[in-house]
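No value in this document is a laboratory result; all are computed from the given coordinates. Keep in mind that this is a model prediction, so the values were computed, not measured. FYI the Cβ positions are ideal-geometry reconstructions off the backbone, even for glycines, and counts take in every protein chain you see.
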Amino acid sequence: QVQLVESGGGLVQAGGSLRLACAASGTIFSIDALGWYRQEAGKQREYVAVETSDGLKDYADSVKGRFTISLDNAKNTVYLQMNSLKSADTGVYYCGGVINSETAWGQGTQVTVYS
């Protein structure tokens with residue numbers, strides 16, 4: 001069984017930076033893609049960024065130029081470097097992806113950006 005565990009969330013002032021990490025553990029044969037999603041209280045979960053196992057990266061328009069996703073295949077870990085944070089970036093950040101041809105989700109880590 002595969003588990004995804006996020007870390008790195010916290011409280012940060014607007015304009016600041018945070019780096020999230022998501023480590024996959026368990027019996028892993030293949031990681032097709034890992035990405036990040038976020039959910040603000042009372043709203044639907046939204047897509048943030050994804051990286052495929054062959055290095056293709058994609059970002060939501062709202063984070064382009066500010067966030068960078070990085071997948072370390074050797075460590076089965078995906079990172080999200082978040083710079084120039086805004087209050088609109090506040091939410092629970094979830095790691096999700098396709099591992100062993102099945103969808104997996106983490107439990108989330110809270111990011112709060114204050115002005």
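Given the Cα-Cα distance of ALA88 and SER25 and 0.36 nm per residue of separation, how much length would full extension add, in nm?
19.6 nm
In whole percent, what relative contact order does the chain give with Cα contacts below 8 Å and a gap of six or more residues?
38 percent
In the Gaussian network model of the chain, springs joining C-alpha atoms below 10 Å, which of GLY26, GLY97, GLY55 carries the largest mean-square fluctuation?
GLY26
Run through region 17-73 and list the trypsin sites (Lys or Arg not before Pro) located in a DSSP loop whose Cβ has at most 12 other Cβ atoms within 10 Å.
Answer by residue number: LYS43, LYS64.
Of the residues VAL50, VAL78, VAL98, which exhibits the maximal mean-square fluctuation in a Gaussian network model of the chain defined by a 10 Å Cα contact cut-off?
Per the Cα network of the chain with a 10 Å cutoff, VAL98 tops the list.
Of ALA49, ALA104, ALA74, which is the most mobile in a GNM of the chain whose springs link Cα atoms less than 10 angstrom apart?
Ranking ALA49, ALA104, ALA74 by mean-square fluctuation puts ALA74 first.
Please work out the FRET efficiency for the pair LEU11 and THR52, using the Cβ-Cβ distance as r and a Förster radius of 41 Å; give the result to the nearest 0.05.
My answer for the efficiency is 0.85.
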